[in-house]
Structure formats: structure tokens, C-alpha cells
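Read through the structure below, which is laid out as C-alpha cells, and then see the notes.
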Amino acid sequence: MTQLRECHQFQIRAAYILVVCLFLLLAVPLLVGCRPAPSNPEAAQVIENKGSDTLVNLALAWAESYMETHPEVHISVTGGGSGTGIAAMINGTVDLANASRAMKAEEIAAAEANGITPVEFTVARDAIAVVVHLSNPVSRLTLQQISDIYTMRITNWSEVGGEDRPIVLLSRESNSGTYVYFLENVIRLGDGDSDLLFAPDTLLMPSSEGISAEVRQNPNAIGYDGLGYVTPDQKVVAVARDEAGPYVLPSIETVNDGSYPISRPLYMYTAGEPTGVVAAYLGWILGEGQSLVPELGFVPLDAGR
Amino acid sequence: MEKKESFINQIGRARRAEFAIETLIRTLGFSSIGFVLLIFFFLLREGLPVFFEVRPGNLFSTQWYPTFDLYGTLPLILGSVLVTVTAVAIALPLGVATAVFVREVAPGWAREVLKPMIEVLAGIPSVVLGFFGMTLVAPLIRETLRVPTGLTAFTGALLLAYMALPTIISVAEDALDAVPKGYRDAALAMGATRWQTIWRVVVPAARSGIVTAVMLGMGRAIGETMAVMMVTGNAARMPLTADSLLRPVRTMTATIAAEMGEVAQGSVHYHALFGIGIVLFLLTFLINLAAASTIFKKRRRGGLR
């Protein structure tokens with residue numbers, strides 16, 4: 001299953017590049033000046049939903065459940081990353097963009113240049129889990145230690161109480177929302193003036209499955225990913241804000257009560273205030289739909305308040 | 001008189017048909033040149049801005065962190081070069097030896113079996129090879145070579161060598177095939193052994209064809225994306241230390257494939273990726289030019305040297 005999805009994601013990317021090339025070759029000269037026509041939700045009843053890979057499973061579950069009770073609506077959900085979803089929303093090809101980070105200033109500027117005012121909805125919360133190989137004796141780390149590991153100030157597991165093994169750093173690709181979140185809140189410890197970066201030796205994996213595949217088979221590896229993507233064949237590390245603080249494992253409870261240090265909100269963006277079918281769907285997500293959130297390893301909104 | 005007229009009419013009709021078909025074929029033929037020019041034009045249009053938007057000091061630095069406006073392409077260029085050169089170093093002796101075996105040594109029935117098998121080898125999709133490399137070759141390399149991770153430049157080079165082999169074998173075999181039988185007969189008549197005939201006469205006579213084979217194999221290797229992205233670890237580090245072959249690298253192709261899908265159109269990062277595309281295009285162009293020039297040289301010398 002994992003393998004199939006892995007291949008599938010690569011194929012999507014390959015197909016995307018192919019399509020872009022063909023488009024540049026053939027269509028651009030013909031379509032200069034043309035814009036995709038705005039979809040008419042009343043007639044089509046189709047909601048296009050695209051974006052964050054972290055959110056894709058949750059978005060799918062919402063879409064399936066919503067379509068059961070509202071057969072007149074068709075919702076298509078695709079992944080590809082927060083940036084892809086936001087870009088598609090700006091270009092007017094999707095109605096809802098999923099994002100695991102807030103829109104960047106330049107993205108908002110690009111949207112406004114296109115005559116679009118993006119509207120943000122927080123739809124769930126996520127915790128980022130730090131994972132190691134099952135055989136790794138290290139079971140707790142402070143944020144400072146994780147930061148030191150990812151900047152290669154710590155390069156051997158023995159320095160944090162493990163075996164004498166080199167540390168292999170795994171990360172998501174640099175355009176993943178998870179990457180930016182982890183960098184700003186863990187490596188830079190939330191310090192806006194810090195200019196720390198992932199060490200150049202960090203392996204950038206093109207997908208969540210890439211990370212879990214390497215963590216599963218390599219006892220030297222450390223990785224991070226959304227709690228929703230952690231499988232039982234990886235060991236989750238308990239994290240503390242500082243040496244004195246309690247070491248907390250990520251769970252729905254610990255994210256809700258704020259004791260787990262690495263958690264974040266997840267967003268959906270619409271181009272302008274949502275209307276019609278999209279507004280109804282968003283309302284459902286923020287209300288009834290929240291009951292599906294814990295089933296996928298994320299944290300529902302109300303529980304956080 | 002009547003008959004003659006209709007005969008002239010017939011000729012006229014045939015000429016008109018011939019003219020139409022000729023024009024069609026000529027248009028189709030020239031359109032491929034047109035497409036190449038269009039591709040080049042779009043590549044330049046999308047990629048050239050980066051050379052004005054990013055300072056050259058940044059563009060040719062050693063840090064590739066596009067999320068933070070660090071566009072150092074050196075690790076990517078060197079990564080591609082390292083993986084490609086290693087792949088050719090592995091594939092060249094194997095490929096030429098296989099070609100020699102198939103053409104010069106193997107009995108007729110074995111040749112009939114081997115040739116189609118080699119062509120099947122060329123048909124394996126690179127995603128499949130990449131997946132094979134990720135799940136089987138990478139762990140094997142980590143365990144046997146005792147390196148921190150199996151996702152290394154060497155793993156990528158192995159897969160690329162495997163992919164370049166069919167090209168090298170078939171082109172080299174054609175080159176050997178073109179060596180006149182007289183050369184072999186003469187060598188044997190002079191008392192040379194079979195090995196001496198192959199090594200001292202046939203292979204040197206086919207040298208320019210073998211160089212072409214290697215160049216074409218290299219062109220295939222440097223442009224390969226999917227398998228490389230899956231097994232090289234994609235860490236944008238400078239591959240300058242002695243152990244770089246056994247450490248992760250990030251190639252130009254993998255960078256474009258991994259990042260193009262999630263980049264805002266028209267941004268600096270977008271132009272930077274097309275800029276990398278230009279570099280890649282120039283490299284492949286030079287390699288193909290070198291391959292073509294050996295062919296021309298061969299022709300000018302009236303066959304073999």
C-alpha cells in the first residue's frame with residue numbers, strides 16, 4: 001500500500017512536469033490572454049480541493065463522508081504540498097487550498113495581483129512527531145538537542161544517550177509546509193532572528209512515505225513528520241521544551257492541553273469569502289466534520305479551546 | 001489525341017499528389033526543429049531572469065536553500081557530475097565487454113537470446129528501478145559498506161549505470177559490427193590469438209563508435225530523474241570530500257522534479273529551477289555534440305581509423 005502510494009506520488013509529479021512541458025510547447029501561444037473560466041458551483045456542484053500532503057488523508061475522509069450525505073456535491077481531493085494548493089487557488093483552478101502553514105506574504109501579494117483576496121480557515125491541529133528506528137534506545141530529546149542534531153552540532157547518537165552510531169538526518173522537501181514549520185519552531189527554536197538552517201547533509205525526502213521507509217530500515221536515522229503519518233514500525237521520541245521540562249509524547253490529549261511542544265494549526269484557504277456549496281462544506285467541516293479528525297491522528301479544533 | 005491528354009492529366013495529378021505529400025513530410029520534418037527551438041526559447045524565457053534576479057555570488061555559492069533565497073547551484077551541478085561520471089565509469093567496461101561478448105564471442109543462438117534481452121532491459125521504467133534501488137540496493141549498500149545511510153551518490157550511480165548499459169551495449173555492438181571482416185581475418189592470418197584480434201584490432205577499429213556509445217549513455221544518465229531522486233538522498237551538500245561517493249547528493253534533475261510542482265509561477269525560485277534547466281540543457285547539448293563530432297570525424301576519415 002505504502003509502496004503503491006509512493007510510486008503514485010512520483011508518477012503524479014512526473015506527469016505534472018510532462019503536462020507543464022506540453023502546455024508550454026503547444027498551448028501557451030494559443031492561450032495568451034485567456035484565463036480559466038471561474039467554475040459555476042450552482043451548475044456543476046463540484047468542489048476542487050488541493051494542497052498539503054499532511055492534510056490530504058483528512059481532506060479525503062471529510063470529502064467522502066460529506067459526499068455520502070450530500071450526493072449532489074462532488075469533491076475531488078489531491079495532494080502535492082501546501083505551496084501547490086495555494087498556487088492553484090491563486091490561479092483559480094481549485095476552490096479550496098489545504099495548507100499546513102499560513103500563506104506567505106509573497107503568496108498573498110501574488111493572489112491580490114490576480115484580483116483574489118484569500119480567506120483563511122483553521123480546520124484542525126497537527127503535531128509533528130520526531131521518529132527514530134525501533135531499535136534506537138534514545139526515547140527522549142529536548143528541543144535544543146533536536147536543533148543541535150539537525151544543525152550537526154551533535155553528530156553521534158552517543159551524545160544524546162544512544163549507541164555509538166552516526167546520525168542520519170531526514171527531512172521533507174524544502175517546499176513542504178512541515179519543513180518550514182520544523183525549521184522555524186524546532187531548529188530555530190521559534191527565534192525570529194535566528195538564521196540556522198538544516199545541515200546540508202540532511203536527506204530531503206520527496207514524501208512522507210520516503211521518510212518512514214528510511215526510518216523503518218536505517219537504525220542511524222532520525223526523521224520528523226505529521227503525527228497522522230507515523231506508523232507503528234517507527235519509534236516516536238518524547239520531546240521537552242527544555243531540560244527541566246517534562247518529556248511529552250505527542251498524542252491527541254497532549255496537543256490539546258498544549259504540553260506537547262511541536263504542534264500547529266492546519267488551514268484551508270478560499271479565494272474570497274466562500275459562497276454556495278463551498279461555504280456549506282466549510283461550515284460542515286468546522287462543525288460536524290471535526291468528529292472525523294481524531295480518527296486520522298490529528299487534533300480537532302474544539303477540544304483545543 | 002484524347003488518350004494523350006488524359007495521360008498528361010494523369011501525370012499532372014500524380015505530380016500534384018506528390019507535391020502535397022512532399023510538402024506534408026517536409027513540414028513534419030521541419031516542425032521537429034521548430035519544437036526544439038520552441039523548447040529552447042521557453043527555457044531561456046523562464047530561466048534567464050534568474051541571472052538578473054540573483055547575484056552571481058549567491059547563484060554560484062554552495063548553499064541551496066530556495067525557501068530562504070539561497071540559490072547556490074554548485075552542489076547540484078557537482079552532484080549531477082559526480083553521479084554521472086561514476087555511472088559511466090561503471091557502465092563503460094561492463095557495456096563494452098558485453099558488446100564484445102555478444103558480437104565477437106557468443107555463439108549464434110546465444111546472440112539471438114541476448115540481444116532482445118538487452119533491449120528489454122532498456123524498457124524498464126525508471127520509477128520501478130528507483131523503487132528497487134530504494135528498498136533493496138540502498139539497505140544492501142548501507143550494510144555491506146558500513147555507511148550511515150544507503151541513499152548515496154554511489155547507489156544512484158549504480159542504478160544509472162544499469163540504465164545506461166542497454167544504450168552503450170547496442171551502440172557499441174553496432175560499431176563492432178561495422179568493422180570489416182577483413183580486419184579480423186588479417187589479424188588471425190598474422191597469427192594473432194582471438195583475444196589479441198579483439199583487443200588490439202577490432203575494438204580499436206570501432207573506437208569512435210564506442211566513444212559515441214559512451215557519450216549517448218552519459219546523456220541518458222545525466223538527464224535521468226526519477227530513480228536518482230529516489231535513491232541519492234537529495235542532500236544538497238558539496239561533494240568535495242573523499243567519501244562523497246558514499247554520502248548523499250542532490251542532482252539538478254532531482255531538484256527540478258522535486259521542487260517544480262510546488263513553486264509559485266514567476267517567482268525567483270521558479271526562474272532558478274528553469275535556470276538549472278538551462279545548465280542541464282547546455283551540458284546534454286555539449287555531450288551530444290561531442291558524440292556527433294566523433295561520428296563526423298569517423299565519416300571524414302572514410303570509415304575506420
TODO: Determine, for B:Met229, A:Met152, the number of other Cβ atoms within 10 Å of each Cβ, and report the residues in order from fewest to most.
DONE: A:Met152, B:Met229
Open item on the list: Starting from the Kirkwood Rh over alpha-carbon pairs, what translational D in µm² s⁻¹ does region B:55-304 have by Stokes-Einstein at 25 °C and 0.890 mPa s?
Closed with: 124 µm²/s
Open item on the list: Pick from B:Gly123, B:Gly34, B:Gly209 the residue whose mean-square fluctuation is largest in a GNM of chain B, springs joining Cα atoms under 10 Å.
Closed with: B:Gly34
Open item on the list: If I model a spin label as a point 7 Å beyond the Cα along the Cα-Cβ vector, how far apart are those points for B:Phe41 and B:Ala97 in nm?
Closed with: 4.9 nm
Task: Distant-in-sequence amide H partners of B:Tyr71 (H built 1.01 Å from N, under 5 Å) - done: B:Tyr65
Task: Table column - 3J(HN,Hα) (Hz), region A:156-162, Karplus curve with 6.51, -1.76, 1.60, x for Gly and Pro - done: 10, 4, 5, 6, 10, x, x
Open item on the list: Spelling out what I want: for every residue of region B:217-227, take phi, set θ = phi - 60°, compute 6.51 cos²θ - 1.76 cosθ + 1.60 (Karplus), and round to whole Hz; glycine and proline get x.
Closed with: x, 5, x, 5, 5, 5, x, 5, 10, 4, 4
- [ ] Pop the C-beta distance of B:Val120 and B:Ala178 into the FRET formula with R0 = 25 Å and round what comes out to the nearest 0.05.
- [x] 0.55
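About its Cα centre, what dipole magnitude does region B:55-304 give when the only charges are +1 on Lys and Arg Cβ and -1 on Asp and Glu Cβ, stated in debye to the nearest 20?
Taking the Cα centre of region B:55-304 as origin, the dipole is about 860 debye.
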Open item on the list: Averaged across orientations, what area in nm² does the convex hull of the alpha carbons in the protein assembly as shown project?
Closed with: 39.9 nm²
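Just the C-alpha atoms of region B:41-103: what Rg/Rh do they give, with Rh taken as the Kirkwood radius?
We get a ratio of 1.27 for region B:41-103.
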Task: Per-pair calculated FRET efficiency, R0 = 22 Å: A:Ser135 and A:Val236 via Cβ, rounded to 0.05 - done: 0.95
- [ ] List the residues whose amide H sits under 5 Å from the amide H of A:Ala221, counting only those 5 or more places along or on another chain, with H placed 1.01 Å from N in the peptide plane.
- [x] A:His133, A:Val168
Task: Test item: Cα-centred dipole of region A:126-263, Lys/Arg +1 and Asp/Glu -1 on Cβ, debye - done: 240 debye
Open item on the list: Give me the percent relative contact order of region B:55-304, please, defined on Cα pairs under 8 angstrom at least 6 residues apart.
Closed with: 26 percent
Task: the protein assembly as shown - charge dipole about Cα centre, Lys and Arg +1 at Cβ, Asp and Glu -1, debye rounded to 20 - done: 3840 debye
Task: Radius of gyration and maximum dimension Dmax of region A:117-161, Cα, Å - done: 16.1, 51
- [ ] Rank B:Ser170, B:Ser61, B:Ser267 by mean-square fluctuation in a GNM of chain B with C-alpha springs under 10 angstrom and give only the top-ranked residue.
- [x] B:Ser267
Open item on the list: Calculate the FRET efficiency for B:Thr135 and B:Gln10 from the Cβ-Cβ distance with a Förster distance of 60 Å, rounded to the nearest 0.05.
Closed with: 0.35
Task: Whole-percent pair-distance distribution, where bins are 5 Å wide, for the alpha carbons of region B:2-47 - done: 5, 19, 12, 12, 10, 9, 8, 7, 6, 5, 3, 2, 1, 0
Open item on the list: Can you give the log10 of the normalised intensity I(q)/I(0) at q = 0.16 Å⁻¹, computed with Debye over equal Cα scatterers of region B:1-123?
Closed with: -0.97
TODO: Please find, in a Gaussian network model of chain B (springs between Cα atoms separated by less than 10 Å), the residue of B:Leu38, B:Leu273, B:Leu78 whose mean-square fluctuation is greatest.
DONE: B:Leu38
Open item on the list: I want to make sure I understand the PRE zone here: with the label point 7 angstrom from the Cα of A:Ala105 toward its beta carbon, which residues in region A:153-185 have backbone N atoms less than 19 Å away?
Closed with: A:180-181, A:184-185
- [ ] Take every Cα pair under 8 Å in region A:76-162 that's 6+ residues apart, average their separations, divide by the length, and report that relative contact order as a whole percent.
- [x] 17 percent
- [ ] Would you mind ranking B:Ser6, A:Ser174 by Cβ crowding within 10 Å, fewest neighbours first?
- [x] B:Ser6, A:Ser174
- [ ] Count, for each residue of B:252-261, the Cβ atoms from other chains sitting within 10 Å of its Cβ, then give me the mean as a whole number.
- [x] 5
- [ ] Return the sequence-ordered ³J(HN,Hα) values of region A:75-89 in whole Hz as given by the Karplus equation 6.51 cos²θ - 1.76 cosθ + 1.60 applied to θ = phi - 60°, using x for Gly and Pro.
- [x] 10, 10, 10, 10, x, x, x, 4, x, 4, x, 5, 4, 5, 5
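Where a number appears in this text, it was derived from the coordinates with a stated rule and is not lab data. In this text, all values refer to a predicted model and were calculated from it rather than measured experimentally. As a convention, Cβ positions derive from the backbone with ideal geometry for all residues, glycine included, and neighbour counts pool all protein chains shown.
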